[in-house]
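What follows is a single structure, written as structure tokens, with notes after it.
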Amino acid sequence: MILIKNGRVMDPKTKRDEITDVVIENGTISVIGKQDEEQAYERIIDADGCIVAPGLIDVHVHFRDPGLTHKEDIQTGSRAAAAGGFTTVVCMANTKPTIDNVDTLKELLARAKKLPIKMLQASAVTKGLKGEELVDFHAMKEAGAAGFTDDGIPLMDVSILKKAMELAKECDLPISLHEEDPAFIDEPGVNQGAVSKQLGYGGASHLAEDVMVARDLMIAMETGAAVDIQHISSGISVDLVRFAREHGADVVAEASPHHFSLTEEAVLKHGTLARMNPPLRTEHDRQKIIEGLQDGTITIIATDHAPHSVEEKVQPLGKAPSGIIGLETALALGITNLVKKGYLSMMDLLEKMTINPANLYRLEQGSIEEGKPADLVIFCEDESFVVDHFYSKASNSPFIGETLYGTIKYTICDGKVVFEN
Ligand code: DOR
Ligand code: ZN
């Protein structure tokens, strides 16, 4: 038995927000409430001055396993997740080989069972992410796929996309979409605008996202599928998602910490460490994303944790791969740039990192309730730290050297302490 004493227990599902104790027994939360007896516990964690929240859930990470493990693997990825307060992650399918068949999926999930956190795996939508031939949706679900996505690559063929949405709906699993039409991308990873002009770089227009989001929301409305618009970056796309949700579409959108924290200007300072797909855009777009987070249009914060090696990222802007790591800075960026700035309450931030992602993937975790798995994060919102080391194998982050609020003290998964600081 573990006793967590005197923490501010915040649960976005039940809206509980009180200073109390939590008892963990056999991996589950057995009691929430003040405890007197202290002797019987194998461990007592003093959470005085800290927030005790459900373990964070990230529906968008790249652990690069199998095949790209010079960037990350499921062990190092999980360590990074635990260090960032995450107890559940959903891995994307753009590995080598692609997660588009039952054997590869099963082999990976068997290895994932031994990890300190809960690693779920999405299936690709199409074989080899080529956008041509659909995977066997029902077989992949049967083998344990958490959802479906060709993340990294847009699905250009609308008839394939519509069929994929219908199959995802049949499986009662979400389908997540990377929205970038190559027709409006001269060079990827940097917004087409003032900064790309200054750098003489082709850039990717917001139109690339907007046309695909508009198209896919219409298909989502028609099919009724649970559709997740990944890493939304354009203000117009936020408005489009709002429209579709108002019209009853079963659509959610993810915002990544970098898209609510940074603008295209970051490319001038950080070079390839600010190159990602879709790119960082203008201050206007950033404000529209924050508005979307505030009014409930954007219900999920997801990192798009995209590790790359130093050798890959030191290449010129046009050659380096897109993406940055995010697991170890996500909560702190939310606290520093959303909560401390007065845009979101702490409860709203936690909702977008726990129960909302759990609901999208139909997971039992994501709340603090008696009888539920003891997946918890304990953090101190007013304690700052400097971003200067990572548990991830990679360190491709534009936030290195920044001082952020929100130090993680403990991460607990199924009742076990998997990270402490
Ligand atoms: O910047 C990105 N990197 N965006 C994606 O969608 C994929 C990711 C990756 O796999 O590196
Ligand atoms: Zn993506």
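Nothing in this text is a laboratory measurement; each read-out follows from the coordinates by a stated rule. Since this is a predicted model, take the numbers as computed values, not measurements. A quick note on method: Cβ atoms are made from the backbone with ideal geometry, for glycine too, and the neighbour counts reach across all protein chains shown.
The table below gives the values:
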| read-out | value |
| --- | --- |
| The range 257-336 and the range 38-58: distance between their alpha carbon centers, rounded to Å | 31 |
| FRET E, pair residue 239, residue 362, Förster distance 35 Å, beta-carbon r, rounded to 0.05 | 0.80 |
| Inter-site label distance for residue 247 and residue 310 at 7 Å from Cα along Cβ, in nm | 5.1 |
| Relative contact order (percent, whole number), the range 290-421, Cα cutoff 8 Å, 6+ residue spacing | 25 |
| R0 of 51 Å, Cβ-Cβ distance residue 40-residue 142: FRET efficiency to nearest 0.05 | 0.75 |
| Mean separation of Cα contacts under 8 Å (6+ apart) over length of the range 259-365, as relative contact order % | 27 |
| Test item: Cα-centred dipole of the chain, Lys/Arg +1 and Asp/Glu -1 on Cβ, debye | 580 |
| Listed residues 149, 252, 173: farthest to the positive end of the dipole of the range 142-268 (Cβ charges) | 252 |
| 18 Å Cα-Cα threshold exceeded, pairs from 269/393; 13/341; 15/416; 127/162 | 269/393; 13/341; 15/416 |
| Simple spin-label estimate for residue 340 and residue 14 in nanometres, 7 Å along Cα-Cβ | 3.1 |
| Relative contact order for the chain, counting Cα pairs under 8 Å that sit 6 or more residues apart, in percent | 20 |
| Mean residue ellipticity (222 nm) of the chain, computed from DSSP H runs ≥ 4 via -39,500 (n - 2.57), nearest 500 | -8500 deg cm²/dmol |
| Loop-exposed GluC sites (Glu not before Pro) per DSSP, neighbour cap 15 Cβ within 10 angstrom, longest uninterrupted part of the chain | 134-363 |
| In Hz, Karplus ³J(HN,Hα) per residue of the range 335-342 (6.51, -1.76, 1.60; θ = phi - 60°; x = Gly, Pro) | 5, 5, 9, 10, 6, 5, 7, x |
| Positive-end residue, the chain charge dipole about Cα centroid, Cβ charges, pick of 241, 70, 26 | 70 |
| The range 135-184 pair-distance distribution - Cα-Cα, 10 Å bins, rounded % | 25, 54, 18, 3 |
| Estimated D of the chain in µm² per second, where Rh is the Kirkwood radius over Cα pairs and Stokes-Einstein applies at 10 °C, 1.306 mPa s | 74 |
